[in-house]
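J.: Here it is: the structure, laid out below.
The values are calculated or read from the model by the stated rules, or taken from the named source; none is laboratory data. All values reported here derive from a predicted model rather than from experimental measurement. Please note: Cβ atoms are built from the backbone with ideal geometry, for glycine as well, and neighbour counts cover all protein chains shown. Surface areas here come from the heavy atoms of the whole protein model, side chains and all, with no ligands, DNA or RNA. Shrake-Rupley method; radii C 1.70, N 1.55, O 1.52, S 1.80 Å.
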Amino acid sequence: MDTATVLDARGLKCPMPIVKTAQAIKTVEQGELLEVLATDPGSVADFAAWSRSTGNELVESSVTDGVYRFVMRRK
Amino acid sequence: MTAIAERPTSAETPVPSEFAQALTPSDPATKQLVIIAAHNDLESLWATLILLNTSAATGMRTYVFTTFWGVLPFVRDGVRITGEGWMQKMLAFMQRPGIDHAKLSKMNFMGMGPWMIRRLAKHYNDTLPRELLTTAKEMGVTFYPCQMSMELFGIKAENLMDGFEAPVGATTVLELMTQPNTASLFI
């Protein structure tokens, strides 16, 4: 798997994980990956919705010890 | 034909070009959010700012039209009393303008309520209105103040925070609200 730029959004609450993600995705090239770490439980639904709305593909989402990990590919 | 008004004899000033262009998005598929922010309660201000941020972060064209009490939170820092005459000044005195001074619509208790809410928000690491305003501006949210409200409260364009457009009226907002793929909220 390609190496991804990592955004640490742990501890941030709605809407900041999405706001920071929207800002960070612009820093990666099209087709490249952005990995986001978050702890807000609402982010599970929100990242899926954000992916559908913006067209940036949600390649992977998982949770380990309360930390959510979302990998997105920039459209 | 009956003349309803004397045509002014002075030289005509052209309308600023920004208003001459339709506000129609270049791509009609672009989703939009239009919020009419009519209140300055902390809960209304907060909800408005969260939605503005999320909308802009989702790539939607995002507009907020601040009207009546809704203008007050967007008065720039350091401006305490706005307006001319005792009535406008009294209004500003009774409802302190600025992004950090919103009261709660209930359980305000002379400021104890908002103080506790802000304490709790910090504890839970929630993002306060001031930071949400900064990120909203960074992401290109368009802020329109309502011309009528500005005059009513005696708030001048230079009293508003940086990043505000020139004041507009209801027709402009309705033009935006009736465009395709547009969600409109009155908060």
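J.: Does region B:84-94 contain at least one residue that is part of a loop (DSSP other than H, G, I, E, B) and either at pLDDT 95 or above or of a type in the set (Gly, Ala, Ser) (or both)?
T.: no
J.: Next up: Output the residue which, of all residues in region B:90-106 that are in contact with a Gly (Cβ under 8 Å, 6 or more places away or on another chain) and under 16 Å from B:Thr66 (Cβ atoms), is most open to solvent (accessible area, probe 1.4 Å).
T.: Here the residue is B:Leu91.
J.: So, one more: Would you pick out the residues in region A:31-56 that are open to solvent by less than 40 Å² (accessible area, probe 1.4 Å), more than 14 Å from every other protein chain (Cβ to nearest Cβ) and of a type outside the set (Gly, Ala, Ser)?
T.: A:Leu33, A:Glu35, A:Leu37
J.: Let me ask something additional. Please pick out the residue among B:Ala22, B:Ala29, B:Ala57 that is open to solvent by less than 80 Å² (accessible area, probe 1.4 Å) and at pLDDT 90 or above.
T.: Result: B:Ala57 is the single residue among B:Ala22, B:Ala29, B:Ala57 that is open to solvent by less than 80 Å² (accessible area, probe 1.4 Å) and at pLDDT 90 or above.
J.: Among A:Val63, A:Val71, A:Val59, A:Val28, which is the only one that is away from chain B (no Cβ under 13 Å) and open to solvent by 70 Å² or more (accessible area, probe 1.4 Å)?
T.: After ruling out the rest, the residue left standing is A:Val63.
J.: What's the number of the condition B:Gly78 fails, among (1) free of Cβ contacts under 8 Å to residues at least 40 places away in the same chain; (2) assigned to a helix (DSSP H, G or I)?
T.: The failed condition is (2).
J.: Out of everything in region A:1-25 that is away from every other protein chain (no Cβ under 13 Å) and β-branched (Val, Ile, Thr), what residue ends up being surrounded by the fewest Cβ atoms within 10 Å (Cβ to Cβ)?
T.: A:Thr3
J.: Shifting gears a bit: Going through region A:24-48 one residue at a time, which ones are within 11 Å of the chain's Cα centre (by Cα) and either among the hydroxyl-bearing types (Ser, Thr, Tyr) or in a helix (DSSP H, G or I) (or both)?
T.: Selection gives A:Ala24, A:Ile25, A:Ser43, A:Val44, A:Asp46, A:Phe47, A:Ala48.
J.: Return the residue satisfying two criteria in turn: it lies in region B:40-75 and is assigned to a loop (DSSP other than H, G, I, E, B) and within 14 Å of another protein chain (Cβ to nearest Cβ), and of such residues it is nearest to B:Gly154 (Cα to Cα).
T.: Step by step, filter region B:40-75, then rank; the result is B:Met60.
J.: Pull out all pairs, ordered by first then second residue, where Cβ-Cβ is under 8 Å, the residues are six or more apart or on different chains, the first lies in region B:132-148 and is free of Cβ contacts under 8 Å to residues at least 12 places away in the same chain, and the second is surrounded by fewer than 19 Cβ atoms within 10 Å (Cβ to Cβ).
T.: B:Glu138/A:Gln23
J.: Working only within region B:118-148, note down all residues that are within 14 Å of another protein chain (Cβ to nearest Cβ) and hydrophobic (A, V, I, L, M, F, W, C).
T.: Across region B:118-148, the qualifying residues are B:Leu120, B:Ala121, B:Leu128, B:Leu132, B:Leu133, B:Ala136, B:Met139, B:Val141.
J.: Name the residues in region B:108-118 that are open to solvent by less than 30 Å² (accessible area, probe 1.4 Å) and either touching a residue at least 24 places away in the same chain (Cβ under 8 Å) or in a strand (DSSP E or B) (or both), would you?
T.: Once the filter is applied, which keeps residues that are open to solvent by less than 30 Å² (accessible area, probe 1.4 Å) and either touching a residue at least 24 places away in the same chain (Cβ under 8 Å) or in a strand (DSSP E or B) (or both), region B:108-118 yields only B:Pro114.
J.: Of all residues in region B:119-165, which are of a type outside the set (S, T, N, Q), under 18 Å from B:Thr67 (Cβ atoms) and open to solvent by 40 Å² or more (accessible area, probe 1.4 Å)?
T.: Across region B:119-165, the qualifying residues are B:Met148, B:Glu151, B:Leu152, B:Lys156, B:Ala157, B:Gly163, B:Glu165.
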